[in-house]
Structure formats: structure tokens, C-alpha cells
Amino acid sequence: MISCLRGAGVEVVERHASVWEGRHKWSLGIVAAARLALAETRLLLGSRRARFDALIVGYPGHFDVPAARRIARGRPVIFNPLVSLHETLVEDRGRFAAGSAPARFLRRVDWIALRRADLVVADTEQNARHLAELGELPDERLAVCFVGAEERLFRPGWQPPATFHALFIGKLIPLHGLETILAAAQLAPEIPFRVVGSGQLDALLVDRPANVEWVEWVDYERLPEEIQRAGCALGVFGTSEQGVSGTRLRDALDHGRHARGPRAAA
């Protein structure tokens, strides 16, 4: 979004105070809360005299919107949340039980962040409707901007590789459907699979099928190279409400094996 704004001639100044960095960006607890409070203080102090026409808060900035409202001093605040914290940490990842005190707290954080923004930007029409319901917002306070990729790194030019493999890159969380990918690998043992990432579901890869290679981390700048080498890239196959039906990959691979082989399956 930032690169597109700049491409449209908008001057964008980025202000960032580090809280979650590296392989495991998201964590909750006393230490994370202290780091968050320190980062908020640095942002508040460093932005008192800043000149701008609008302030954009990106993911994962749910805790930042109230501070952004104070910094904006009447100027528009735009919030691009990507996801609901309650849906992600309670319904999808199962980190907290539904109805528990942390779950109620996260739902309240979602509500406050959405309500205090002048405009909420969603990645799909369906998610816009969900966020509008969650924050009790009228339609005119939402806009849709599809997820893109940084053009400085990700460019067209893929060619079919000499050696085919299916590639998944992402956080190993329930939303991404790692179980479905592993089940598909078992159905098609002749197809090499490469899984890049780590997270909540690491244990599923301990006894992974022989045709599945696991790489826990690849630097961001090397991801385009990973994608260019792959025969196909796998997306999201989780079966929660936040994801899509996990049966599609299994069905496609099973159909491909009986039709035209590995490349048809891809």
C-alpha cells in the first residue's frame, strides 16, 4: 500500500518503533506489553510536531489506533487491520478460549480500534463486511484494497522449472491449512513439497511424509527466488471461517494424479 501511494505521487513518511521483529513477530505477555508501551511513548514523543494530511495505521496496529488518534489531532486516521485479533487468536489459532477474559479483551481491542478510525481498509469485500459488523460501522467508513506485493522484490518472469516441486511459504498456523498440505503430499508421493516457515503447528512436520522438505526460515529478500524456482505455489487451505475449504487441494491433487500427472495436479 505504501509503494502504491508513493507511485501515485503521495509523500509517505514512515514512523516505526520496533516491538515484534524477526521470526516470531507476535507474542503476548508482560514483556511484550512493556515493549509495546515503550514503543508507543517513542512514537508519541517523536510525532508531536510532525506535519501530515492523514495518518495510516497498518497491521498489526490494533493497539496503536488510540495513540494515532491523539497524534492526528483532528486529521483523518486510516486503519488497515488485515485481520481481527479476536478471530485470529481465539477462533483460528485457539490461543484463548472463547468467552474467556483474554478473548473479551481482544474483542474490545478490535472494537475500539475500528471505531476510532475514520476509515477502515479491508483486503476483500467479505472481510469489509465482517469488520463493519465487528465495529458497528456504516459502509461509508470502509474501503477495499486488495493485498499486493512489493514490486521492488516481486516481479513477473516465472518460467516452468526443470524440476517440479510444490511450495508453501507462511506462518504455520491453523488458518494456512498445513494438515491439508501434508495430506495432499501423502496422496501424491511422486511430487516433492517444500514448506518454508515455522509457528504453532511445527509438531505436525516432525513425522512428515518423505516427499516433504521443511525449511524453518528464509530471509524476506530471498522469497522471490524461492517462488521463481517452484513449479507451483500453495495458498491458504484452512477450514476455519477465516480460511477457505481445505478439501480443494486434496481434490485437485487426487484428480490430477488420475488425469495428467503431477503438472496437472499443480
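The values are calculated or read from the model by the stated rules, or taken from the named source; none is laboratory data. It should be emphasised that the depicted structure is a prediction, and the values quoted were computed from it without experimental measurement. So basically every Cβ, Gly included, is an ideal-geometry build from the backbone, and we count neighbours across all protein chains shown. These accessible areas exclude ligands, DNA and RNA; they are computed on the full protein's heavy atoms, side chains included. Shrake-Rupley method; radii C 1.70, N 1.55, O 1.52, S 1.80 Å.
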Once amide H atoms are placed 1.01 Å from N in the peptide plane, what residues at a sequence separation of 5 or more from ALA122, or on another chain, have their amide H within under 5 Å of its amide H?
ALA143, VAL144, CYS145
May I ask you to list the GluC sites (Glu not before Pro) in the range 108-149 that are in a DSSP loop and have at most 15 other Cβ atoms within 10 Å of their Cβ?
GLU136
Going by accessible area, probe 1.4 Å, with all protein chains left in place, what is the ranking of PHE63, PHE79, PHE146, largest first?
PHE146, PHE63, PHE79
With a 1.4 Å probe and every protein chain kept in, tell me what percent of the accessible surface of the range 105-154 is carbon plus sulfur.
52
When the solvent-accessible surface of protein heavy atoms is calculated with a 1.4 angstrom probe, in what order do ILE227, ILE173 fall, highest first?
ILE227, ILE173
Could you compute how much accessible surface THR163 exposes when probed at 1.4 Å, giving the result in Å² to the nearest 10?
100
Amide H of GLU213: which non-local residues (sequence gap of 5 or more, or other chain) have their own amide H closer than 5 Å, using H built in the peptide plane?
PHE193, ARG194, VAL195
